[in-house]
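The values are calculated or read from the model by the stated rules, or taken from the named source; none is laboratory data. The structure displayed is predicted, hence computed values, not measured ones. Glycine also receives a Cβ, built like all others from the backbone with ideal geometry; neighbour counts cover every protein chain displayed.
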Protein chains: 2
Amino acid sequence: MSISPPTLNRLCLYLRSLKRLQEDGVQQISSQKLAERFHLSAAQIRKDLAHFGAFGVRGVGYQVDELIPTLTSILRLDRRYRVVVVGMGNLGRAFASHPGFNRGPFVVVAGVDSDPAKIGETVNDFVVRDSQFLEEVTRESGAEIGVLTVPAHGAQENYERLAKAGVKGVLNFAPTRIRTIPGVPLKDVDLRIYLEELAYYLPFDDS
Amino acid sequence: MSISPPTLNRLCLYLRSLKRLQEDGVQQISSQKLAERFHLSAAQIRKDLAHFGAFGVRGVGYQVDELIPTLTSILRLDRRYRVVVVGMGNLGRAFASHPGFNRGPFVVVAGVDSDPAKIGETVNDFVVRDSQFLEEVTRESGAEIGVLTVPAHGAQENYERLAKAGVKGVLNFAPTRIRTIPGVPLKDVDLRIYLEELAYYLPFDDS
DNA sequence: ATGACCATGTGAAGAGTGTCACAAGCAGGG
DNA sequence: CCCTGCTTGTGACACTCTTCACATGGTCAT
């Protein structure tokens with residue numbers, strides 16, 4: 001069963017919203033209430049969920065405690081993913097030390113950098129290694145996901161090295177288009193473009 | 001003239017690609033070559049550009065040196081945007097000190113944090129101030145864009161304080177849905193969801 | 001047990017986006 | 001001057017995604 005990208009994105013949001021509700025002690029919720037609470041569309045929620053079967057109860061809504069494991073399973077978040085970070089600058093460190101990324105299914109198990117000043121530093125539970133040993137570090141740590149927080153000119157090479165070392169997917173923060181290798185999906189995240197997009201929607205004034 | 005979100009995103013990519021070509025000394029380029037070089041769609045490039053007028057020359061292609069200022073103007077990147085960062089953790093520092101964000105149209109002019117250990121630190125060209133003074137800091141620095149790199153529970157409050165202090169748009173990294181105020185557009189960037197989306201597309205194996 | 005109520009699940013309509021193929025048009029050489 | 005070759009700009013098509021409205025089918029009170 002395949003999920004379209006926009007649906008996938010929303011399912012992640014639903015899961016997070018449901019977890020928030022669970023923390024607040026909410027047992028069951030209707031699509032209407034869920035939509036109001038998190039600024040979503042009620043019909044969309046129902047359609048997205050119904051795509052995988054009937055999880056709700058008519059007249060009542062959805063059981064929070066049942067829906068969370070179901071969504072977690074659908075999104076394949078019911079297992080651990082080991083992550084290796086390439087480039088331990090501020091952004092790389094944000095990934096390695098932010099509790100939001102290191103809690104739950106994703107665990108940053110290793111990090112490398114080419115800057116001698118950073119090599120040897122202890123960041124989270126690991127010591128930063130030399131980029132030169134990226135392949136060994138990746139294999140030893142058993143990382144399945146690579147995060148590229150390196151300058152644009154080094155992104156392609158590091159992607160390929162990660163792929164060869166057995167990584168199954170790469171999240172790229174470098175502002176460049178990477179040629180992908182079949183079997184090693186890539187997701188681009190371009191922080192500068194987000195700023196540029198936001199700038200376009202700023203209320204226009206002639207200052 | 002309004003631009004749809006996907007088109008806007010691509011225009012930013014085109015602009016970046018063209019700048020790369022300009023650095024390489026390329027004078028003119030066809031949509032075909034541009035598409036090959038940066039893994040885009042030739043027809044899409046032409047359609048996106050033609051939406052704003054005829055910039056190309058039939059039989060030749062597009063003049064790099066002419067197209068760059070045109071795109072820059074369309075995207076409203078021909079001016080400076082002052083940015084204030086709320087939350088000077090690793091992610092906030094990445095924004096403030098990364099040359100990719102501080103070069104070009106975006107300049108981080110101020111940053112605040114609630115952690116006493118961080119207040120007073122010099123990050124880029126500015127000193128981190130107490131979050132308590134967010135409004136004053138924003139007004140004094142004349143910031144037009146706010147970046148939220150705070151925990152989820154503080155995001156809504158800080159968005160509203162930024163809005164009241166005169167910020168014209170907010171880029172939110174907190175994993176929560178913010179209720180927007182008319183006239184102050186918000187763009188959400190959720191790093192955890194990017195990991196989750198990537199995880200879904202990982203080649204499946206039964207390890 | 002029965003009826004009123006309520007929320008889901010879903011087919012159909014509508015909007016938006018991407019792809020394709022081709023006519024229009026410019027450059028350069030003969 | 002004319003013809004060939006190349007690339008743009010564009011209208012039509014196909015596809016995806018979203019929204020809407022309603023029938024289906026449970027729950028709860030009486």
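Just to be sure before I move on: is A:A50 touching an Asp or Glu at 6+ places or on another chain (Cβ under 9 Å) and either assigned by TED's automatic domain parsing to the domain that holds A:F101 or within 11 Å of DNA strand D (Cβ to nearest atom) (or both) in the structure I sent? Spelling it out, it is not the case that A:A50 is touching an Asp or Glu at 6+ places or on another chain (Cβ under 9 Å) and either assigned by TED's automatic domain parsing to the domain that holds A:F101 or within 11 Å of DNA strand D (Cβ to nearest atom) (or both).
Return yes when A:V64 is away from DNA strand D (no atom under 16 Å from the Cβ) and in contact (Cβ under 8 Å) with a residue 12 or more places away in the chain and no when it is not. Answer is no for this residue. Only residues that are more than 16 Å from A:T149 (Cβ to Cβ) and part of a loop (DSSP other than H, G, I, E, B) were counted in the range A:105-116, giving 2. Applying a threshold of 6 Å to beta carbon distances and a minimum spacing of six or more residues, or different chains, the list of pairs starting in the range A:163-192 at a residue that is closer than 14 Å to A:G146 by Cα and ending at one that is surrounded by fewer than 21 Cβ atoms within 10 Å (Cβ to Cβ) and among the basic types (K, R) reads A:A165/A:R139; A:L171/A:K187.
For the range B:4-18, residues that are free of Cβ contacts under 8 Å to residues at least 12 places away in the same chain and under 13 Å from A:L198 (Cβ atoms) total 2. Being within 14 Å of another protein chain (Cβ to nearest Cβ) and at pLDDT below 95, is that true of even one residue in the range B:107-114? For the range B:107-114, residues within 14 Å of another protein chain (Cβ to nearest Cβ) and at pLDDT below 95: absent. Checking each residue in the range A:120-134 for being within 19 Å of A:Y81 (Cβ to Cβ) and at pLDDT 95 or above picks out A:F126, A:L134.
Taking (1) under 21 Å from A:G100 (Cα atoms); (2) in contact with an Asp or Glu (Cβ under 8 Å, 6 or more places away or on another chain) in turn, B:A199 satisfies each apart from (2). Exactly one residue among A:A42, A:A54 is of a type in the set (A, V, I, L, M, F, W, C) and in contact with a Ser or Thr (Cβ under 7 Å, 6 or more places away or on another chain), and that residue is A:A42.
Under the condition of being more than 14 Å from A:V85 (Cα to Cα) and of a type in the set (V, I, T), the residues counted in the range A:148-184 number 5. If you filter the range B:188-207 down to residues that are in a loop (DSSP other than H, G, I, E, B) and more than 7 Å from chain A (Cβ to nearest Cβ), you find that the one that is nearest to the chain's Cα centre (by Cα) is B:D190. Counting only residues that are outside any loop (DSSP other than H, G, I, E, B) and more than 9 Å from chain B (Cβ to nearest Cβ), the range A:151-187 holds 13 of them. Taken together, A:G100, A:G89, A:G25 contain a single residue that is more than 16 Å from DNA strand D (Cβ to nearest atom), under 30 Å from A:L162 (Cα atoms) and without any contact (Cβ under 8 Å) to a residue 12 or more places away in the chain, which is A:G100.
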